[in-house]
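Peer 1: Questions regarding the structure given below will be posed in turn.
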Amino acid sequence: MTSRTPLAAVVREREVLSEHLLRLVLDAPEGLATTGVPDEWLALTVPGQFQTRYYTVRSLADGVLTLDVVVHEQGLVTEWAQTDCVGQSVGLSAPKGSFLLPLDAGWVVLAGDLTALPAMGRIAQTLAESNLPLTIHAEVPDAPLHDYVPAPVEWHHAESGTSELAAIVRDLEWPEGPGYFWMGGESAQMRDIRRHLRHDLGRDTRHYDVMGYWSGSRGRQARRVDPGPIYAAGRAAGKSDDEIWADYDEARNA
Ligand SMILES: Cc1cc2nc3c(=O)[nH]c(=O)nc-3n(C[C@H](O)[C@H](O)[C@H](O)COP(=O)(O)OP(=O)(O)OC[C@H]3O[C@@H](n4cnc5c(N)ncnc54)[C@H](O)[C@@H]3O)c2cc1C
């Protein structure tokens with residue numbers, strides 16, 4: 001078996017958390033280990049499919065894996081998760097994470113839509129022992145999920161199919177001094193916010209992690225762009241990986 005071979009796991013429970021959020025509890029396969037990074041995610045392959053979708057590890061302990069799945073209007077996992085999937089076997093990749101708090105961070109701000117709520121919940125849980133001031137902005141289509149995140153949340157209501165997340169972040173009053181900003185949501189809005197952080201606010205890429213979780217324009221094929229020359233040019237210009245991948249993202253969507 002290679003590290004790319006999916007691990008098989010069986011769904012043990014399925015619970016409705018809100019109109020758009022389902023919880024799946026799975027038997028964690030032997031060999032599935034947490035990285036300990038609080039925004040860690042894995043690739044999920046549902047029965048009869050070969051395409052994967054990414055899901056945050058809401059928790060993984062004592063042989064039990066919990067994933068919280070947002071139900072969209074349509075979608076491969078969306079449709080499967082609404083069936084009686086208990087007892088079915090799925091494929092999982094090894095988890096990976098990217099949340100990396102710099103040593104000089106004096107505060108943490110999180111922002112995201114419902115798909116980022118599992119990660120924000122776990123990040124908040126991880127930071128609970130620290131004395132770092134934490135601010136969370138969550139944009140959700142349902143009523144606030146008050147007990148979901150173990151920290152105060154500023155809830156923003158998203159009308160069906162719309163998101164103001166980028167505007168919310170652009171209007172933020174940032175705490176003083178160096179800190180860490182983590183965000184997940186629709187890719188075009190995440191690109192906008194990366195530009196804002198870099199160009200308008202002059203933030204160092206060590207101090208933020210802004211991740212495109214899903215694409216609102218998937219109906220339109222992304223352009224084929226060879227990442228090689230972009231990576232080489234970015235490296236030559238002294239850019240970080242984050243900046244280079246943002247450039248690549250931009251080129252594909254131009
Ligand atoms: C690192 C990472 C972690 C993630 N963690 C989670 C998680 O814990 N829980 C979770 O639910 N999702 C999470 N996501 C997002 C999830 O992978 C995508 O939303 C995925 O596209 C959903 O798959 P699907 O098969 O249901 O829909 P797809 O078949 O991928 O998409 C079908 C249609 O739905 C639209 N769509 C997809 N996502 C959304 C959305 N969020 N809002 C509105 N329309 C949408 C697409 O544009 C497309 O038109 C994560 C993504 C990443 C990159």
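The values are calculated or read from the model by the stated rules, or taken from the named source; none is laboratory data. Predicted, not measured: the structure shown is a model, and the values here were computed from it. So basically every Cβ, Gly included, is an ideal-geometry build from the backbone, and we count neighbours across all protein chains shown.
Peer 1: Give the number of residues within the range 29-86 that are of a type in the set (Phe, Trp, Tyr) and more than 10 Å from the ligand (Cβ to nearest atom).
Peer 2: 1
Peer 1: Go through (1) away from the ligand (no atom under 13 Å from the Cβ); (2) under 30 Å from Glu173 (Cα atoms) for Ser89 and report which single condition fails.
Peer 2: It is condition (2) that Ser89 fails.
Peer 1: Now, a different point. Do we have Glu15 as away from the ligand (no atom under 11 Å from the Cβ), assigned to a strand (DSSP E or B) and either more than 17 Å from Tyr213 (Cα to Cα) or not assigned by TED's automatic domain parsing to the domain that holds Met211 (or both) here?
Peer 2: Spelling it out, Glu15 is indeed away from the ligand (no atom under 11 Å from the Cβ), assigned to a strand (DSSP E or B) and either more than 17 Å from Tyr213 (Cα to Cα) or not assigned by TED's automatic domain parsing to the domain that holds Met211 (or both).
Peer 1: Can you tell me which residue among Gly185, Gly177 is crowded, with 16+ Cβ neighbours inside 10 Å and either more than 19 Å from the chain's Cα centre (by Cα) or not in a helix (DSSP H, G or I) (or both)?
Peer 2: Gly185
Peer 1: Then there is this: Do you know which residues across the range 153-174 are more than 19 Å from the chain's Cα centre (by Cα) and of a type in the set (Gly, Ala, Ser)?
Peer 2: Ser160
Peer 1: Can you tell me which residue within the range 83-97, out of those that are within 23 Å of the chain's Cα centre (by Cα) and in a strand (DSSP E or B), is surrounded by the most Cβ atoms within 10 Å (Cβ to Cβ)?
Peer 2: Leu92
Peer 1: Could you look through the range 208-254, keep only residues that are of a type in the set (S, T, N, Q) and at pLDDT 70 or above, and pick out the one that is surrounded by the fewest Cβ atoms within 10 Å (Cβ to Cβ)?
Peer 2: Ser217
Peer 1: Next up: Among the residues of the range 34-53, count how many are assigned to a loop (DSSP other than H, G, I, E, B) and either buried (at least 16 other Cβ atoms within 10 Å of the Cβ) or modelled with pLDDT of 95 or more (or both).
Peer 2: Residues in the range 34-53 being assigned to a loop (DSSP other than H, G, I, E, B) and either buried (at least 16 other Cβ atoms within 10 Å of the Cβ) or modelled with pLDDT of 95 or more (or both): 9 in total.
Peer 1: In this structure, does Arg23 turn out to be part of a strand (DSSP E or B), in contact with a strand residue (DSSP E or B) (Cβ under 7 Å, 6 or more places away or on another chain) and within 15 Å of Thr115 (Cα to Cα)?
Peer 2: yes
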